[in-house]
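Report on one structure; see the data block that follows.
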Amino acid sequence: MLLLSLSSCKVAESDKKNPQGEKKESHSGILSGFFNSKEKETTTTTTTMPAEEVSHVADKLVHGRLDSFASYSDKEKQQIKEQVEKDGYSLELNEDGSGTLSNDEGSWYVGKGWYDNDYAMDVPPIDFGSITMSGESEEKDGKFYIYLIRGATVYQTADYVESLKSAGFSENVESDINTDAGVVSYSASNKDGKKVVLGYSQYGFTMKIYK
């Protein structure tokens, strides 16, 4: 009788805690489901970028704001390629890990870094910051090769101007260097007539090279 009485109390106490007779899951089952879902989620994000991230990366890429295109996996690059093509661009994936981004206005390298072509020959390489895009273009002054650099400091850019001077770009100089204001502007030619024009501000750093 005592055992039956205790058993009845236990059932009654249980009913008080769960008056609606709700189904109770064990904690081990809940945690198991949580960890399993997290494991699947982690696996997905490491192998496939979410669509919104692909779109974000593609937008940064076409506007020259993407610092690290070369660091993406081949699969991720393929996803980015498909997205930019939806946006009206083409993206060729090159063997050296870079990409060639094109539209009606021309082509740009992305993720290539310093490209030592005919324009850049005799010009000190930019080995600071991150070269996000580079390509050949043309305006009324003629054809030029342009580099877009992000992540550089005003002091690094001012030091680079000194490197240009040491390399012989010290003729026909136009210069405005104010590190306190965060501005560097420099234009000069060398004895062979090659010309560099660079500008640095809070909005970015570009350098054009004219042959």
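Bear in mind that the values in this text are calculations on the coordinates, not laboratory data. Source: prediction; values computed, not measured. Neighbour counts are summed over all protein chains in view; Cβ atoms, including those assigned to glycine, are modelled from backbone coordinates with ideal geometry.
Highest mean packing first, where packing is the average number of other Cβ atoms within 10 Å per residue, the peptides 127-140, 162-175 line up as 127-140, 162-175. Once every Cα of region 62-194 carries one equal point scatterer and solvent is ignored, give the base-10 log of I(q)/I(0) from the Debye formula at q = 0.10, 0.17 Å⁻¹, two decimals. Debye output, listed in q order: -0.39, -1.00.
Oblate is the label for region 134-179, because the ratio a/c of its alpha-carbon gyration tensor axes (a ≥ b ≥ c) is 1.5 or higher and a/b is not greater than b/c. Here the gap between Glu171 and Ala70, fully extended at 0.36 nm per residue and compared with their Cα-Cα distance, gives a gain of 32.7 nm. One decimal place: the segment Gln78-Ala158 gains 25.0 nm when fully extended, by the rule 0.36 nm per residue minus the C-alpha distance. Legend: distances between Cα atoms for Lys81/Lys211; Lys140/Lys194; Lys77/Lys112; Lys86/Lys211; Lys86/Lys112; pairs beyond 25 Å are Lys81/Lys211; Lys86/Lys211.
On a full-extension model of 0.36 nm per residue, what is the gain between Glu92 and Thr179, subtracting their alpha-carbon distance, rounded to one decimal in nm?
So the chain would gain 27.5 nm between Glu92 and Thr179.
The residues neighbouring Leu148, those whose beta-carbon lies less than 14 Å from its own, together hold a net charge of +3 under the Lys/Arg +1, Asp/Glu -1 convention.
Quarter the surface of the alpha carbon convex hull of region 40-135 and you get the mean projected area, 7.0 square nanometres.
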